[in-house]
Amino acid sequence: MKKIILLISFVGLFCISQAQITITSSNTPTAGHVANQKVDTLCNGITEGIAGANQTWDFTGLANHKEETIGFVVPSTLPGASSFPTANLGIDDASSQYQFVNSNSSEFNVLGFYGSLIGTMTPVILDPGFKLITFPSTYNTSYNYTYTSTVQVPYNQPPVDSIRINISGNISSIMDGWGIVSTPTYANVACLRQNFTEIVTNTMYIHMSGTWTPSGSPDVDTSYSFNWWSEPHNAPILELDKETNGVISEAKWLHSYLPGSVSTPEVKTVSNIKVYPNPVKDVLYVSGLTEASVIVITDITGKILSSNYLNPNKSAINISEYKNGVFIYSVIDIKGSILSKGKFIVVK
């Protein structure tokens, strides 16, 4: 489960203080934002380093083998949202697997996801959820947690007509260090390190002739990860996945986040990007996108009214609550460059 959770948030000014920090519920992602991660899939010679107080972790030698883009959205805009009525944040990584989160003053809790299982779009509801972090978190904050889920999908391969999977997860987490961390993008960031272990047991059953029968032995998978959390970045600035043999298998670091503190953004107008209709009443559309982006809407004074995650397959923005008037939009790519900018008029 850890590997499908892509939790990236606010990038702004970074600090160099080596004082111990505290992560609170205010350091959570915001709907309408989009993040970009770089991924090292080889991790040659990389280790997680030492736990403890006042540490320095240097990961500036990580290599960029691929990129991932994650959008944080209003959950009701995603497929499968009705299965997660208490979600207040959705995660869309353009993989057709959508995650649903409840973030509150005490925890950041992934309620589950909606995606394709054996060719069928299915909600996977984690009870009571996958707790990624508790608030407030500081050095030596720890918790143990369990969750369960039962998933059943059709399987039209006679004599088997259905498959059921019982999932049981056990989580152990401790903030085992604090200090400063450096990545290829950010230097000397004050952080807490989270040492995270998850043990997942999957038990499969097949349904044939009216009877559920166990299929093979339960599959048990143990995963280890280390997350470096920072206050100004509001989520892990760095994530390492560690195999049971002690080898780091993958490293992800935060590269960019939008909307962010972009004082002098590059303007590279893309002529085929269209924002329409204009005038508009309830729904604004964006066409011509070739990559994940954000559309930021302000009033004529420059006050930000909303920011919405966009990708080439999702380009509708609900503005039904806007009053009559003139508004300004900016379509921004993941590097902070303005792709398109203009005005539109709302007429009810």
With a cut-off of 8 Å between alpha carbons and a minimum separation of six or more residues, what is the relative contact order of the chain in percent?
18
In terms of the charge dipole of segment 274-346, which places +1 on Lys and Arg and -1 on Asp and Glu at the beta carbon, the residue among V286, N318, V346 farthest towards the positive end is V346
Just to be sure I understand: with springs between alpha-carbon atoms less than 10 Å apart, which residue in L42, L132, L258 has the highest mean-square fluctuation in the Gaussian network model of the chain?
L42
For segment 53-210, what does the alpha-carbon gyration tensor say about shape, rounded, prolate or oblate, given a ≥ b ≥ c as the root eigenvalues, a/c under 1.5 as rounded, and a/b over b/c as prolate?
prolate
Between M121 and N54, what is the label-point separation in nm under the 7 Å Cα-to-beta-carbon projection?
5.5
Between the modelled labels at T24 and N170 (7 Å from Cα along Cα→Cβ) the distance in nm is 3.5
Of L284, L111, L78, the most mobile residue in a GNM of the chain (C-alpha springs, cutoff 10 Å) is L284
Once phi for every residue in segment 51-67 is put through the Karplus expression 6.51 cos²θ - 1.76 cosθ + 1.60 (θ = phi - 60°), the whole-Hz ³J(HN,Hα) values, with Gly and Pro written as x, are 7, x, 8, 6, 8, 10, 10, 10, 10, 5, x, 4, 9, 8, 9, 7, 10
Report the Rg/Rh value for segment 274-346, based on alpha-carbon coordinates and the Kirkwood definition of Rh.
0.93
What do the square roots of 5 times the Cα gyration tensor eigenvalues come to for segment 188-333, in whole Å, largest first, as semi-axes of the equivalent ellipsoid?
43, 26, 14
Enumerate the residues in segment 221-255 having an amide nitrogen under 20 Å from the point lying 7 Å beyond the Cα of I199 toward its Cβ.
221-226, 242-247
Give me a comma-separated list of calculated 3J(HN,Hα) values for segment 124-140, in order, Karplus coefficients 6.51, -1.76, 1.60 applied at θ = phi - 60°, integers in Hz, x for any Gly or Pro.
10, 9, 8, 10, x, x, 9, 7, 7, 7, 10, 10, x, 10, 9, 4, 6
Rank S96, Y139, L240 by how far each Cα sits towards the positive end of the charge dipole of the chain (+1 on Lys, Arg Cβ; -1 on Asp, Glu Cβ) and give me just the farthest.
S96
Using a Förster distance of 22 angstrom, determine the FRET efficiency expected from the C-beta separation of E243 and N64, and round it to 0.05.
0.55
Calculated diffusion of the chain, Stokes-Einstein form, Kirkwood radius summed over Cα pairs, 10 °C and 1.306 mPa s, µm²/s:
73
Can you tell me which of T134, T47, T211 moves the most in a GNM of the chain? Springs connect C-alpha atoms under 10 Å apart.
T211
Taking a 22 Å limit on the Cα-Cα distance, which of the listed pairs K303/K341; K252/K303; K38/K341; K303/K323 fall beyond it?
K252/K303; K38/K341
Between D219 and K281, what length in nm is gained on full extension when 0.36 nm per residue of separation is reduced by their alpha carbon distance?
17.0 nm
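Throughout, read-outs are computed from the coordinates displayed, never taken from laboratory work. Quick caveat: nothing in here was measured; it's all calculated off a predicted structure. Please note: Cβ atoms are built from the backbone with ideal geometry, for glycine as well, and neighbour counts cover all protein chains shown.
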